[in-house]
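Heads up: the structure comes next, in structure tokens.
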Amino acid sequence: MTNASPLRRQYLDIKRLHPDAILLFRLGDFYEMFNDDARTASEVLQIVLTSRELGKGVRIPMCGVPFHAAENYIPRLLDAGHKVAVCDQIGTPGSGLVDRQVTRVITPGTVIDDSMLMPDRNNYLAAIVEIDGGCGLAFADVTTGELAALDFTGASVVERVQRELTRIGPTEVLLGEGSQIRPPDGVHVSTADRPIPASDDAHEAVKRVVGPSVTAAGLGDRAICAAATLLNYLETNHAEALHVFTTIHAAAIGDQLELDEFTRRNLEVDRSSFDGGKDGSLLGLMDRSKTPMGARLIRRRLQSPLVDRAAIERRLDSIAWLAGDARLRSTVREGLGKVGDLERTVARIRRGNARPDELLRLARSLSRIEAIARAVDGALDGAEAPMGVLDPCAEISDLLQRALDPDGETIIRLGYDRDLDEARAASGAAKDWIADLQARLRTQTGIKALKVGYNRVFGYYIEVGKSSASSVPDDFEPRQTLTNSLRYVTPQLKEYESKVLTANERADEREARLFAELVQKLAGNSERLSATAATAARLDAAAAFSELAADRSYVRPEFTTDGELDIRDGRHPVVEATQPERFVPNDARMAAGDPHIMILTGPNMAGKSTFLRQVALIALMAQAGSYVPAASARLPIIDRIFTRVGARDDLASGRSTFLVEMTELSSILSRATPDSLIVLDEIGRGTSTYDGVSIAKSVVEFLHNHPRIRAKTIFATHYHELTTLAERLPRVANYNVSVAEQGGKVIFLHKIVPGASDRSYGIHVARLAGLPDAVTRRAEEILSQLEAENGRQLPSQMSLLPPDRHPVLEQIEALDLEDISPLEALNKLYEWRSELDKT
């Protein structure tokens, strides 16, 4: 430090306050980074790492980015998991060291710049506190003002919190040291800046921000502590964001259809399995929104379908209302397409940093909202709108129309304020006098090339060529000599220049004050604006779902009370929309008291997996409040959807396909209820044939016999042994995907029909996949030989037990099926296999 320059010491003092952030240090036209920050940033941003001398004999690593392009680089640092502290010059550059300070600290969950945000999704910051065996979880979006919290107590707290994090999808999570919580992949994990506050302090901290709403929310102590931890973090890193929160609500887990991480991924709810993007997912199909807040609402609805029938029916009523009036739907969607992001604009108003152009867009948006509201009111004819009253905020709109310059040339329009108008008039008159001065002086002096100009250094000046210097009047005062010309001023010119500058300064000050007052007035009406934004989002979602239903012939689902599931001519929504050929629809029927486990057999490529997913997706869409792809759909209210579809290794954790499969299956068997829907595809194929068949059979028996479960289940399999279960388990039924054989070729009909499939057609599928003829012909020879030797009883179809009675049978008969856990059952299977291998 003794050899360090003053600039270096300044940098180190500021960096010491932000040791966990990459410090962007403003030097002239660049933000520079030094030391380890420079090494990290150069790698992440792919920019040159150089060095700079900051003191005698002191060279340090350095890299930098242009200050005007910083917003292009900061998101890349955030995506890489780094916090960013932006240090700006706050003093006026002069002969000494300019003053600098950190003006903002940016983390993934506190981003507010539009350039760093996705308009169609919320940007949640979450905080978790673990107290006395329970957890409090709070989450907030500083760009919209949403703040919620909830408590977790009882069994499986860690797993339940992790499932809720998957549902919320935060970009950043605050965790305490040694936390057991493991957020989803890709979520930035931060440490809270302050210790978890005590209960009383936490209540006060939250109450200071949201007022008495904290009491009305009825939150538990853990939830309040989590909320206080989150707000304290914001106060440290982004204090102005606290102004956006006006209330807090309790998020109730039981209000939503539960979808675990595996199910969201398997059903491709919001991300395609192909590239992880939105295209190819259910969300990609259903998001036909016209506004950013509508897009965010549709995403939330698909991530958190409801279990409250009345609430679902209200959403469906909105769709039905718009579906019956194509002209109104078109008017609404066209109008909404010209409405901006009201939610995030209101949040910026509350923070006090709304820009003039944003308020101008708000004014235009409210004008569009007013036109939409008139159209909606006309169609309602006095009835109540299903999604609530759309308030156009006429008084606010009128205020903005009167106050703002619609052309954007100035901020405040002419006629709004007398003092501002007078200042502008004075400036304009002085400018007019100066503008006329050039013509007058040319006439008076006879210098035809004389001109009046302006620059920021010298102000207004009169310029003449050097050859005309002898014609310059005596009252011209020399100001500047150039190569070929001379510049002068006159007393009158200086007088009018002073008038212009004084009037401009007065006008600027007055305009800035009027704009600040306008933002303050809007902040006082922010609750009303937020309500309008929320109603517009609901209207947008209803119109989007209605447009989709009309376009793709979806129907309104009905909800049963006796547990019946009856889907006629159901279709997979995404496959139907993306495949070129006509989609073959299928029925799915599980009436009350009928078999609740479907064993589905048939060849690969015939459509088993598509059928599994489409049943689950139709149920999900219905409870999200959408019409569904079917001729008709009668459904129970489902509490949880579980899927186990597809083979997948978890190489990063060193877990094989089979272990991943068993982990997911264990979660399903431990949490399913009679109101759940389970879809399983090829359980047990990740291990040996005997193991796989054993596990698959055991799973079906467990789902059938366990009194706590008995969930509606569709089980697709290549193990034909499972079809025999229907003979002894009354609530199991066999179905298969039908095929036709013509001229030795297989034609997939993609139709689900009753009964078991007797063949797998694997060689036919191999031929379709392009396997060499020599290979498929030899496979047919081997198949014929095996069938002749074993009577079509291939190893995968052989009995699990020898014909004579075996001691294992006695163990099976003595087993208490209702009391054994899935893991214990799996262990038993391995024990029995070992005993059988010895015989």
**OP:** Report whether or not residue 171 is over 22 Å from residue 109 (Cα atoms) and open to solvent by 40 Å² or more (accessible area, probe 1.4 Å).
**Re:** no
**OP:** Residue by residue through the range 363-393, note down the ones that are in contact with a Gly (Cβ under 6 Å, 6 or more places away or on another chain) and open to solvent by 70 Å² or more (accessible area, probe 1.4 Å).
**Re:** 368
**OP:** Kindly provide the set of residues from the range 88-109 that are of a type outside the set (A, V, I, L, M), in contact (Cβ under 8 Å) with a residue 40 or more places away in the chain and touching a Lys or Arg at 6+ places or on another chain (Cβ under 9 Å), ordered by number.
**Re:** 88, 89, 100, 107, 108
**OP:** Among residues belonging to the range 225-244 that are farther than 16 Å from residue 150 by Cβ and touching a Ser or Thr at 6+ places or on another chain (Cβ under 9 Å), point out the one that is surrounded by the most Cβ atoms within 10 Å (Cβ to Cβ).
**Re:** 244
Subject >> Residue list for the range 18-30, restricted to those being closer than 30 Å to residue 192 by Cα and surrounded by 14 or more Cβ atoms within 10 Å (Cβ to Cβ) >> reply: 18, 21, 22, 23, 24, 25, 26
Original post:
Of the residues 613, 634, which is touching a His at 6+ places or on another chain (Cβ under 8 Å), open to solvent by 10 Å² or more (accessible area, probe 1.4 Å) and of a type in the set (D, E, K, R)?
Top reply: 613
**OP:** Please give the number of the condition residue 206 fails out of (1) in a helix (DSSP H, G or I); (2) surrounded by 19 or more Cβ atoms within 10 Å (Cβ to Cβ); (3) touching an Asp or Glu at 6+ places or on another chain (Cβ under 9 Å).
**Re:** (3)
**OP:** Would you check which residues across the range 454-465 are in a strand (DSSP E or B), closer than 16 Å to residue 496 by Cβ and either at pLDDT below 95 or open to solvent by 30 Å² or more (accessible area, probe 1.4 Å) (or both) and list them?
**Re:** 454, 459, 460
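Residue-wise test of (1) in contact with a Cys (Cβ under 8 Å, 6 or more places away or on another chain); (2) at negative phi; (3) part of a helix (DSSP H, G or I); (4) open to solvent by 20 Å² or more (accessible area, probe 1.4 Å).
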site: 395; (1), (2), (3), (4): no, yes, yes, yes
site: 415; (1), (2), (3), (4): no, no, no, yes
site: 419; (1), (2), (3), (4): no, yes, yes, yes
site: 422; (1), (2), (3), (4): no, yes, yes, yes
site: 430; (1), (2), (3), (4): no, yes, yes, no
site: 433; (1), (2), (3), (4): no, yes, yes, yes
site: 436; (1), (2), (3), (4): no, yes, yes, yes
site: 441; (1), (2), (3), (4): no, yes, yes, no
Subject >> Residue among 711, 716, 726 that is closer than 20 Å to residue 588 by Cα, open to solvent by 30 Å² or more (accessible area, probe 1.4 Å) and at pLDDT 90 or above >> reply: 726
Original post:
Looking at (1) under 22 Å from residue 84 (Cα atoms); (2) at pLDDT below 95, which is the only condition residue 220 fails?
Top reply: (1)
Original post:
Taking into account only those residues within the range 487-502 that are touching a strand residue (DSSP E or B) at 6+ places or on another chain (Cβ under 6 Å) and not in a helix (DSSP H, G or I), which is farthest from residue 426 (Cα to Cα)?
Top reply: 487
**OP:** Could you check, for the range 45-61, whether at least one of its residues is part of a helix (DSSP H, G or I) and either under 30 Å from the mean Cα position of the chain (by Cα) or more than 20 Å from residue 236 (Cα to Cα) (or both)?
**Re:** yes
**OP:** Quick one: which helices (runs of 4 or more DSSP H) lie wholly within the range 281-341 and hold at least 2 residues that are farther than 23 Å from residue 251 by Cβ and open to solvent by 30 Å² or more (accessible area, probe 1.4 Å)?
**Re:** 309-323, 326-336
Original post:
Scanning for something polar (S, T, N, Q), modelled with pLDDT of 90 or more, surrounded by 13 or more Cβ atoms within 10 Å (Cβ to Cβ) and under 20 Å from the mean Cα position of the chain (by Cα), does the range 106-113 turn up at least one residue?
Top reply: yes
**OP:** May I ask you to verify whether residue 500 is of a type in the set (A, V, I, L, M) and modelled with pLDDT under 95?
**Re:** yes
Original post:
Just wondering, is there one or more residues in the range 157-179 that are in contact with a Phe, Trp or Tyr (Cβ under 9 Å, 6 or more places away or on another chain) and over 24 Å from residue 258 (Cα atoms)?
Top reply: no
Original post:
What number goes with the only condition from (1) in a strand (DSSP E or B); (2) of a type in the set (Val, Ile, Thr); (3) open to solvent by less than 40 Å² (accessible area, probe 1.4 Å) that residue 189 does not pass?
Top reply: (3)
**OP:** Kindly list the number of the only condition in (1) over 22 Å from the mean Cα position of the chain (by Cα); (2) at pLDDT 90 or above; (3) of a type in the set (D, E, K, R) that fails for residue 193.
**Re:** (2)
Original post:
Which condition breaks for residue 614 when tested against (1) polar (S, T, N, Q); (2) at pLDDT below 95; (3) part of a helix (DSSP H, G or I)?
Top reply: (2)
Original post:
Counting only residues that are touching a Pro at 6+ places or on another chain (Cβ under 8 Å) and over 15 Å from residue 169 (Cβ atoms), how many does the range 243-281 have?
Top reply: 1
Original post:
Using beta carbons and a limit of 8 Å, which pairs, at least six apart or on different chains, have the first residue in the range 460-488 and under 11 Å from residue 450 (Cα atoms) and free of Cβ contacts under 8 Å to residues at least 24 places away in the same chain and the second one open to solvent by 30 Å² or more (accessible area, probe 1.4 Å) and among the basic types (Lys, Arg)?
Top reply: 485/466; 486/466
Subject >> Candidate set: the range 151-167, residues that are of a type in the set (A, V, I, L, M, F, W, C) and open to solvent by 10 Å² or more (accessible area, probe 1.4 Å); chosen: the one nearest to residue 252 (Cα to Cα) >> reply: 157
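Residues checked against (1) open to solvent by less than 40 Å² (accessible area, probe 1.4 Å); (2) of a type in the set (Lys, Arg); (3) at pLDDT 90 or above:
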{"position": "6", "(1), (2), (3)": "no, no, no"}
{"position": "11", "(1), (2), (3)": "yes, no, yes"}
{"position": "32", "(1), (2), (3)": "yes, no, yes"}
{"position": "37", "(1), (2), (3)": "yes, no, yes"}
{"position": "52", "(1), (2), (3)": "no, yes, no"}
{"position": "63", "(1), (2), (3)": "yes, no, yes"}
{"position": "72", "(1), (2), (3)": "no, no, yes"}
{"position": "86", "(1), (2), (3)": "yes, no, yes"}
**OP:** Restricting attention to the range 550-575, report how many residues are open to solvent by 10 Å² or more (accessible area, probe 1.4 Å) and assigned to a helix (DSSP H, G or I).
**Re:** 5
**OP:** Evaluate the following for residue 506: is it within 25 Å of residue 348 (Cα to Cα) and part of a helix (DSSP H, G or I)?
**Re:** no
Original post:
Given the residues 271, 194, 265, 222, which is the only one that is surrounded by fewer than 22 Cβ atoms within 10 Å (Cβ to Cβ) and touching a residue at least 24 places away in the same chain (Cβ under 8 Å)?
Top reply: 194
**OP:** Please give the number of the condition residue 487 fails out of (1) in contact with a Lys or Arg (Cβ under 6 Å, 6 or more places away or on another chain); (2) surrounded by fewer than 16 Cβ atoms within 10 Å (Cβ to Cβ); (3) modelled with pLDDT of 95 or more.
**Re:** (2)
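The values are calculated or read from the model by the stated rules, or taken from the named source; none is laboratory data. This structure is a prediction, so every number in the text was calculated from the model and none was measured. As a convention, Cβ positions derive from the backbone with ideal geometry for all residues, glycine included, and neighbour counts pool all protein chains shown. Each accessible area value is taken on the protein alone, full model and side chains, heavy atoms only, with ligands, DNA and RNA left out. Shrake-Rupley method; radii C 1.70, N 1.55, O 1.52, S 1.80 Å.
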